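The values are calculated or read from the model by the stated rules, or taken from the named source; none is laboratory data. Note that the structure is predicted; figures quoted are calculated from it, not measured. Reconstructed Cβ throughout: ideal geometry from the backbone, glycine too, with neighbour counts over all protein chains shown.
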Amino acid sequence: MTKKIMKDISLGTERSTGYVRNGSKGAGSQTTLEGLYSIDRSWSRIKNGSVNNESERRVDFVETIKARKFEGEQAKEFDVVICGGTLGILLAAVLQREKNASVCVVERGELRGREQEWNVTRRELSVLVLLGILTESDLEEIILGEFNPIKCGFFGGIESDEIITKDVLNCGVSPSLLIAKCRKSFEDNGGIVYERTALNKVTVFENGARLDIIDNNNNNNNSTKIDARIVVDCMGFASPITLQARNGQKPDGVCVVVGTCAKGFDPKKNKSADLIKTVTDIEDSRQYFWEAFPAELNASSSKDSNDVRTTYMFSYLDAKPERPSISEMLDDYWKLMPKYQNLESINDVEIKRILFGYFTTYRDSPLKPLTDRILQIGDASGMQSPLSFGGLACMLRHLPRISLSLVEALEYDIVDQNALGSINAYQPALSAAWLFQRCMSVQVNDKTANTNNKTFINDLMRVNFQVMQNLGDDVLKPFLQDVIRFKPLARTLLSMTKNNIAFVPKILLQAGPEPIIDWFRHFICLGIYDLFEPIVEPGMAFAKDSPALTNRQKFLSRRYLEAIEYGAANDSIEKEIQRRRTSSSNKDQSD
């Protein structure tokens, strides 16, 4: 069925996520089916451990030479080169504006956003306004539409069990407009973009990094060299720099996602979104989850006439060879989507776009730099939660922190491996999320899950969400936004234990003793970070201005304090913006 549907649509694919874009033309474009086969081959290599084979990856993509770079060779020099422009352009725009540094973005394709909307909240997106990259008018143009309520529900429950909230992933954002406006801000302030330019190699010297880039614009494969004080890797989880740093390590978790954007839904019912739902129990060693959002709201004359909806089906897996291909999961999608959306058949709607991809996650995250002068951010660093798909929301949350860290690294000329590694410090809030991912996945050939305990995940989700709803929005909302905080988590665990004590042994059995023990260590650290979070603000001010500290001590102290704040998930946009203003004000007074 998948082959037939994809042949009928005759679309192209975007390389990064398997996203299918209408009317794709030009060099390298593929048919939908070819794109699916390509991403399935990549997924198969990961499952079969081919990524461990050095022939499958460049082990010398980054080379470190303990000497000064050859000064005689001409190369354009930048303070920062950001590799990967889709989300890297956001960081580039902030750095170019705040530091007035020389920043360059290298993107192997066209620097433009996809057609399919991203979903975030207005508050998350407002960080770009507060940082001066967008205006309020830009924000209104980029947000194509907003919708509420947001629903969560699980198979086997009754209608009254459904969790209803609002303002979580409730804005449909145009990626193409967002990236275009950020790019304009970047270039208006003097930033440089190399489009259709592949990164071939990075050589790190004592006094800088040299990037070998290949210009594909004229199909002549001309090689050019550019120099940078700092190289930022924003090329995603499949970045060649990340693969070299991971040294062939298999991912600890994978989220496989398939879906469609389709037309023909009932407009009267297409006004709300599903954040997470299930319509089946565990089958074939996996649990399917669903989410859905109204789409293309700007294309309709009113909200009451919009009949376009994006529907995703996803599952949390490990990377064992027995796991299904993405094609097989699409076959399941065609069978189950009508049940989820109350349709007679998939033919009741007109499929506009098909979406498919996978996202790898590692317990050893965030990733520390491979060498001096290189820093991974976004999905390349593993900064995203194993429960979410990473991407825009994660980048927006960490954008103020990372940009401020890089501004200070340039200001103090602190670019060694250990110092940049402090930007990607341990975060117990991130590590604590791993237990939830483990409980929402099923081990291959788990006979218990496939026979007597097929309802476990749905039962767990229903109990957990009901407990959080009863405790209020200050507990429920952070979890729905993939933010793990100590006090809400502790209250939830205590309430679950008190009111559902019989369910606790099932959780222990499902997760296993080793993950539970490991999680408890992160939970304790989460509590310690939360306890010390009040010292962060005065500590940051002291570390910035104290004459008793060297520049290196100032830099590292502020990074460790940030790690406490973000590690406890007690960060906020407002704190970061105020911190910037205070720092800028103090600097002006000293000048």
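Per-structure values
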item	result
The listed residue being buried (at least 16 other Cβ atoms within 10 Å of the Cβ), within 27 Å of the chain's Cα centre (by Cα), at pLDDT 95 or above and part of a loop (DSSP other than H, G, I, E, B), out of Val193, Val279	Val279
Ile179 outside the structural domain of Ala295 (by TED's automatic domain parsing) and either without any contact (Cβ under 8 Å) to a residue 60 or more places away in the chain or in contact with a Cys (Cβ under 9 Å, 6 or more places away or on another chain) (or both)	no
The stretch 405-441 - residue that is touching a Lys or Arg at 6+ places or on another chain (Cβ under 9 Å) and assigned to a loop (DSSP other than H, G, I, E, B) and, of those, surrounded by the most Cβ atoms within 10 Å (Cβ to Cβ)	Ser441
The stretch 521-542 - residue that is aromatic (Phe, Trp, Tyr) and modelled with pLDDT of 95 or more and, of those, nearest to Gln427 (Cα to Cα)	Tyr529
Hits in the stretch 126-154 (condition: closer than 18 Å to Asn189 by Cβ, in a helix (DSSP H, G or I) and without any contact (Cβ under 8 Å) to a residue 12 or more places away in the chain)	Val129
Verdict on Ala319 being in contact (Cβ under 8 Å) with a residue 40 or more places away in the chain, buried (at least 17 other Cβ atoms within 10 Å of the Cβ) and assigned to a helix (DSSP H, G or I)	no
Where a residue in the stretch 104-115 is in the same structural domain as Gly85 (by TED's automatic domain parsing) and its partner, wherever it lies, is in a loop (DSSP other than H, G, I, E, B) and surrounded by 19 or more Cβ atoms within 10 Å (Cβ to Cβ), with Cβ under 6 Å and at least six apart	Val105/Gly85; Glu107/Gly85; Leu111/Gly85; Arg114/Glu14; Arg114/Tyr19
Positions within the stretch 290-306 being of a type outside the set (Gly, Ala, Ser) and modelled with pLDDT of 95 or more, in sequence order	Trp290, Glu291, Phe293, Pro294
Subset of the stretch 83-93 (residues that are at pLDDT 95 or above and among the β-branched types (Val, Ile, Thr))	Ile89
Single unsatisfied condition, Arg108 versus (1) within 19 Å of Asp413 (Cα to Cα); (2) in a loop (DSSP other than H, G, I, E, B); (3) not small (Gly, Ala, Ser)	(1)
Residue match in the stretch 198-217 (condition: touching a Phe, Trp or Tyr at 6+ places or on another chain (Cβ under 8 Å) and under 30 Å from Leu471 (Cβ atoms))	no
Conditions (1) touching a Phe, Trp or Tyr at 6+ places or on another chain (Cβ under 7 Å); (2) closer than 25 Å to Asn458 by Cα: number failed by Glu283	(1)
Condition broken by Met383, with the remaining ones in (1) outside any helix (DSSP H, G or I); (2) at pLDDT 90 or above; (3) in contact with a strand residue (DSSP E or B) (Cβ under 8 Å, 6 or more places away or on another chain) satisfied	(3)
Options Lys263, Lys184; residue that is closer than 30 Å to Ala295 by Cβ and without any contact (Cβ under 8 Å) to a residue 24 or more places away in the chain	Lys184
Flag for Gly113 being buried (at least 18 other Cβ atoms within 10 Å of the Cβ) and closer than 28 Å to Tyr412 by Cα	no
Some residue of the stretch 62-82 being outside any helix (DSSP H, G or I), under 23 Å from Met337 (Cβ atoms) and modelled with pLDDT under 65	no
Only one of Phe314, Phe356 that is under 26 Å from Asp40 (Cα atoms), part of a strand (DSSP E or B) and at pLDDT 95 or above	Phe314
Test: residue in the stretch 455-465 that is closer than 30 Å to Trp290 by Cβ, free of Cβ contacts under 8 Å to residues at least 40 places away in the same chain and not in a helix (DSSP H, G or I)	no
Residue that is surrounded by the fewest Cβ atoms within 10 Å (Cβ to Cβ), among those in the stretch 367-401 that are closer than 22 Å to Asn119 by Cα, over 8 Å from the mean Cα position of the chain (by Cα) and of a type in the set (A, V, I, L, M)	Leu387
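Let's see how each residue does on (1) surrounded by fewer than 23 Cβ atoms within 10 Å (Cβ to Cβ); (2) within 26 Å of the chain's Cα centre (by Cα):
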residue: Arg210; (1), (2): yes, no
residue: Asn217; (1), (2): yes, no
residue: Val232; (1), (2): no, yes
residue: Gly236; (1), (2): yes, yes
residue: Ile241; (1), (2): no, yes
residue: Lys250; (1), (2): yes, yes
residue: Val257; (1), (2): yes, yes
residue: Lys263; (1), (2): yes, no
